[in-house]
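The values are calculated or read from the model by the stated rules, or taken from the named source; none is laboratory data. Quick caveat: nothing in here was measured; it's all calculated off a predicted structure. Quick reminder, even Gly has a Cβ in these numbers, built from the backbone with ideal geometry, and neighbours come from all protein chains shown.
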Amino acid sequence: MSFFWREVGLTYLHVSNISAAALRRSLKPDAKLAALKREEQFIKMAKWANGKAGDVKLLYKDQA
Amino acid sequence: MLFRSALVAVRSAANFSARRLYASEAGSGGKLRLNFALPHQTILKDFEAIQVNIQSSEGDMGILADHVPTIAQLANGGVIEILAADNKPRKFFVEYLFILPHTAQSSSPVSGGFAIINPDSSLNINAVEAVAVEDLDAEAARKGADEASRKMNASGASEKDKAEARVEFELFEAVLAAAKV
């Protein structure tokens, strides 16, 4: 089976996340509030050198 | 329904293949054990269900204990209905997910967006997002669908943008269908 989104170069993960985000937006206010908190994702990173952690940096999705 | 007859064909084909062994060898004791997990939450763990209904792209599917390990893909957005002995209705709405056969006898692979029917009648469902059907807001979905369809038909939008809008549109339509029930 071929998928229309595959034909324009979207990946399964990408499509799945679009779909999940759309689902979060179609919730009743209470549930939506909790769900939208999950939307924000980030990576916490630090570069280690000589056995010591460097500065901790937060990377957000739009900076990736 | 066309999809339905295709599914029947797939099922009867599976009955005659070597895969049949998995169902007949299953030592489940007639019980379906369900694991239902999201990245941020375990909804059900080792839950004893009588039947699990899912909406696959090939039609609706009811999964009982000793089900033949099957491949089916859920449509973009669908309801998972879990029937248990306590008769308490449990309905969840999930975005995209797949059903995969599990061919090895070892522990089951777990990845995002898949449901796996194992030979021992355990069923693993993993999705990025799942919510209770009661929490769906038809009004919000209607607005989302309108906006997505506008984006889909916008002139000057790239094919990629249009495809993304179509994914959203399908999901909102599925939410509307589920919220009406």
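Odds and ends about this structure:
- Failed condition for B:Ala140, given (1) within 26 Å of B:Lys91 (Cβ to Cβ); (2) modelled with pLDDT of 90 or more; (3) buried (at least 21 other Cβ atoms within 10 Å of the Cβ); (4) at the interface with chain A (Cβ under 8 Å from one of its Cβ atoms): (3)
- In the stretch B:37-59, the residue that is modelled with the lowest pLDDT out of those that are more than 12 Å from chain A (Cβ to nearest Cβ) and touching a Gly at 6+ places or on another chain (Cβ under 9 Å) is B:Gln55.
- Test result for B:Asn126, at pLDDT below 85 and within 12 Å of chain A (Cβ to nearest Cβ): yes
- Wholly enclosed helices (runs of 4 or more DSSP H) of chain A bearing at least 3 residues touching a helix residue (DSSP H, G or I) at 6+ places or on another chain (Cβ under 7 Å) and either free of Cβ contacts under 8 Å to residues at least 12 places away in the same chain or more than 9 Å from every other protein chain (Cβ to nearest Cβ) (or both): A:12-25, A:29-39
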